[in-house]
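**Student:** Here you go, one structure.
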Amino acid sequence: MGMETLFYFENGLTPDWRISGRPALNWQRLEEVLAVHLVPRNRQVTISGGEAECQRALAFFKALGELHNLRRHELDRQDIEQLIKAYSRKEEGDLRALFAGRIKVGSNKREILPRSKNQLEYLRALKDKEVVFGVGPAGTGKTYLAMAMAVSELLAGNCSRIVLTRPAREAGETLGFLPGSLEEKIMPYLRPLYDALYDMLDFNDAASLIERNVIEVAPLAFMRGRTLNNAFIILDEAQNTTEEQMLMFLTRLGSNSRCVVTGDPSQSDLSRNERSGLIHALQTLNRIPEVGIIEFTTRDVVRHALLEKIIQAYSVDRN
């Protein structure tokens, strides 16, 4: 039986709402995903179709409004894309849990929300486990969410410092063959960690924490011989570690510390005769209950909407 109903936009949202100058909502796509007819006008949208479909469409727009409020009226296209994905996959029942899994990373910054079931499980593991591996393709939020949790824990007083590290070896380059001082050599490898950090904290606050060594960003080689107590430690791009480097990193864990290892096993830049420490660690530690292992897929990609299709296309070509 058919029905028709109205949804009224509030709190700054309108049917012709724009992000970066472009329409935020693709009404044709929404009609396909929600299986209803939509007529946007002024501050409302008319929804017509089957009763169950109309109720589901109403729930979508209510969830959009709730997410808009949680984001402090700063929704981006990735937020909207993930919401549409949830409905297209019939996974909207998970949205309430996703909204509840938000992380507060600073008084002047918006809260960070998980955007998929795997991201939610990842955040739960980050809260409950002392050692966590987040593995999968680029764009799935592995490092970003780990950084968010680290900053949240630091601001809450649950750790006294954050240590961010990466192996300074990618695309066949080693530091010894690069020009410049040591600091100039390692900066390009560490820049993605700085970018994520500055996205969560005000620039001056982040710079002050780095200057006081409350937040330390350093190449993996600098971790040797240290014991890190009361720290939140993140190893990024771990697929580029050797077995020896991975063992060295994991044994830096000191009292009241937690560590997170992120990487994509399919993207190692090691030479062919070197085995990835990340792959070896996943195989070796997967039966230890205190170690959390979360595997992301292309379904969890949360960057540009096109990125998921690009990753899938390359995966098909390689296979």
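The values are calculated or read from the model by the stated rules, or taken from the named source; none is laboratory data. Predicted, not measured: the structure shown is a model, and the values here were computed from it. No Cβ is skipped: glycine too gets one built from the backbone with ideal geometry, and neighbour counts run over all protein chains shown.
**Student:** Is there any pair with a first residue in the stretch 145-160 that is touching a residue at least 24 places away in the same chain (Cβ under 8 Å) and not assigned by TED's automatic domain parsing to the domain that holds residue 202 and a second that is surrounded by 16 or more Cβ atoms within 10 Å (Cβ to Cβ) and assigned to a helix (DSSP H, G or I) whose Cβ atoms are under 9 Å apart and which are 6 or more apart or on different chains, and what are they?
**Tutor:** Listed pairs, sorted by first residue: none to list.
**Student:** Quick one: how many residues across the stretch 1-53 are closer than 19 Å to residue 66 by Cα, in a loop (DSSP other than H, G, I, E, B) and hydroxyl-bearing (Ser, Thr, Tyr)?
**Tutor:** Of the residues in that region, 1 qualify.
**Student:** Take the residues in the stretch 301-319 that are part of a helix (DSSP H, G or I) and within 20 Å of the chain's Cα centre (by Cα), then tell me which one is modelled with the highest pLDDT.
**Tutor:** Per the criteria, the residue is 310.
**Student:** Name every residue in the stretch 1-58 that is touching a Ser or Thr at 6+ places or on another chain (Cβ under 8 Å), loosely packed, with under 15 Cβ neighbours inside 10 Å, hydrophobic (A, V, I, L, M, F, W, C) and free of Cβ contacts under 8 Å to residues at least 40 places away in the same chain, in order of residue number.
**Tutor:** Across the stretch 1-58, the qualifying residue is only 39.
**Student:** Checking residue 139 against (1) in the same structural domain as residue 250 (by TED's automatic domain parsing); (2) in a loop (DSSP other than H, G, I, E, B); (3) out of contact with any Leu (no Cβ under 6 Å at 6 or more places or on another chain), which test does it fail?
**Tutor:** Among (1) in the same structural domain as residue 250 (by TED's automatic domain parsing); (2) in a loop (DSSP other than H, G, I, E, B); (3) out of contact with any Leu (no Cβ under 6 Å at 6 or more places or on another chain), residue 139 violates only (3).
**Student:** Let me ask something else. Look at residue 60 and say whether it is under 30 Å from residue 146 (Cα atoms), modelled with pLDDT of 90 or more and aromatic (Phe, Trp, Tyr).
**Tutor:** Criteria met by residue 60.
**Student:** Can you find a residue that is closer than 14 Å to residue 142 by Cβ, of a type in the set (S, T, N, Q), within 23 Å of the chain's Cα centre (by Cα) and surrounded by 13 or more Cβ atoms within 10 Å (Cβ to Cβ) anywhere in the stretch 278-300?
**Tutor:** Checked the stretch 278-300: at least one residue is closer than 14 Å to residue 142 by Cβ, of a type in the set (S, T, N, Q), within 23 Å of the chain's Cα centre (by Cα) and surrounded by 13 or more Cβ atoms within 10 Å (Cβ to Cβ).
**Student:** Which of (1) more than 17 Å from residue 237 (Cα to Cα); (2) in contact with a Ser or Thr (Cβ under 9 Å, 6 or more places away or on another chain); (3) among the hydroxyl-bearing types (Ser, Thr, Tyr); (4) in a helix (DSSP H, G or I) does residue 266 not meet, given it meets every other one?
**Tutor:** (1)
**Student:** Then there's this: So which residues in the stretch 111-167 are among the basic types (Lys, Arg) and more than 30 Å from residue 89 (Cβ to Cβ), if there are any at all?
**Tutor:** 161, 166
**Student:** Right, another one. Take the stretch 85-129 and flag every residue that is at pLDDT 85 or above and out of contact with any helix residue (DSSP H, G or I) (no Cβ under 9 Å at 6 or more places or on another chain).
**Tutor:** Hits for the stretch 85-129 are 121, 124, 125, 128, 129.
**Student:** Would it be correct to say that residue 154 is in a helix (DSSP H, G or I), closer than 21 Å to residue 286 by Cβ and not aromatic (Phe, Trp, Tyr)?
**Tutor:** When the stated conditions are applied, residue 154 does not pass them.
**Student:** Go over the candidates 245, 239, 283 one by one and state the one that is of a type in the set (S, T, N, Q) and without any contact (Cβ under 8 Å) to a residue 12 or more places away in the chain. Give the derivation first.
**Tutor:** Values: 245 fails: without any contact (Cβ under 8 Å) to a residue 12 or more places away in the chain; 239 fails: without any contact (Cβ under 8 Å) to a residue 12 or more places away in the chain.
Matching residue, one of 245, 239, 283: 283.
**Student:** Can you tell me how many residues within the stretch 107-139 are under 17 Å from the mean Cα position of the chain (by Cα) and under 24 Å from residue 206 (Cβ atoms)?
**Tutor:** From the stretch 107-139, those under 17 Å from the mean Cα position of the chain (by Cα) are 109-127, 132-139; that's our starting set.
Filter once more, so that each one left must be under 24 Å from residue 206 (Cβ atoms): 109-115, 119, 122-123, 126-127, 132, 134, 138-139.
Result for the stretch 107-139: 16.
**Student:** Go through the stretch 172-198 and give me each residue that's touching a helix residue (DSSP H, G or I) at 6+ places or on another chain (Cβ under 9 Å), exposed (fewer than 15 other Cβ atoms within 10 Å of the Cβ) and at pLDDT 80 or above.
**Tutor:** Result: 198, single match.
**Student:** Something else about it: What's the number of the condition residue 71 fails, among (1) exposed (fewer than 14 other Cβ atoms within 10 Å of the Cβ); (2) basic (Lys, Arg); (3) in contact (Cβ under 8 Å) with a residue 40 or more places away in the chain?
**Tutor:** (1)
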